[in-house]
Amino acid sequence: MKFDLKYVLITNYLMYSILILYPIIQLFGTNDLINLIILIAGTIIVQLIISNTFGQRYFKQHPEYARANRTFTLAANFSIIVGAVILWALVSFSLLQNGELFFLVVTIIAIVVEGVKTPIRKERNA
C-alpha cells in the first residue's frame, strides 16, 4: 500500500479551497445565505481558473492522475468504512457542533481514501 500524496493534492483542490474560503467568509459575513452564495461563487471561480489553466494540459500529459484512471483497493474500501464509522460516532455523540468541523473530518477521510487508491493497470496485448 502506497500513499500517493501528489494525487491527493491534485484531486482534492476544491476541498482545500472551501476549507480556506469558508472561515474567511464567516469572519466578514453577517447573513448565512449570502455567505453560502459567496462560497459557492468562490468555489466555482477557483474550479474554472484551475481547470482551464492547469487541469486540461496536466491530465493530458499525466493520465495516471485523472480520477477516471484510479481504482479502489482494499485499503481504500477499509478507509471508507472506518471513516464512515468515525463520522457516525462523532455526529451521534454531538462532537461535531458546526459545519467547519464536519467538513474538516469529511476532507480528512477523503484525503485518506484518495491517497490509497491505485492507478488502473492496463493489460498489454502481447
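No lab work stands behind these numbers, since they all come straight from the coordinates. Note that the coordinates shown come from a computational prediction; the quantities given were computed from them, not determined experimentally. Glycine gets a Cβ as well: all are built from the backbone with ideal geometry, and neighbour counts include every protein chain shown.
By how many nm would the segment from residue 90 to residue 67 grow when fully extended, if each residue of separation counts as 0.36 nm and the alpha-carbon distance is taken off?
5.4 nm
Taking the Cα centroid of the range 5-56 and of the range 84-116, what is the distance between the two, rounded to the nearest whole Å? Answer, in whole Å: 19. Of the residues 25, 55, 13, the one whose Cα sits farthest towards the positive end of the charge dipole of the chain is 55 (charges of +1 on Lys and Arg Cβ, -1 on Asp and Glu Cβ, taken about the Cα centre).
Which is the longest part of the chain that has none of the chymotrypsin sites (Phe, Trp or Tyr not before Pro) sitting in a DSSP loop with at most 15 other Cβ atoms within 10 Å?
Values: sites that count: 3, 72, 93.
Result, exposed sites excluded: 4-71.
Note on the chain: Cα Rg divided by 2.2 N^0.38 Å, N the number of residues, gives 1.26. Using only helices, what value at 222 nm comes out for the chain when you add -39,500 (n - 2.57) per DSSP H run of length 4 or more and divide by the total residues, to the nearest 500 deg cm²/dmol? About -21500 deg cm²/dmol.
The modelled label-to-label distance between residue 24 and residue 80, using points 7 Å beyond Cα along the C-beta direction, is 3.3 nm. One decimal place: the segment residue 60-residue 33 gains 5.9 nm when fully extended, by the rule 0.36 nm per residue minus the C-alpha distance.
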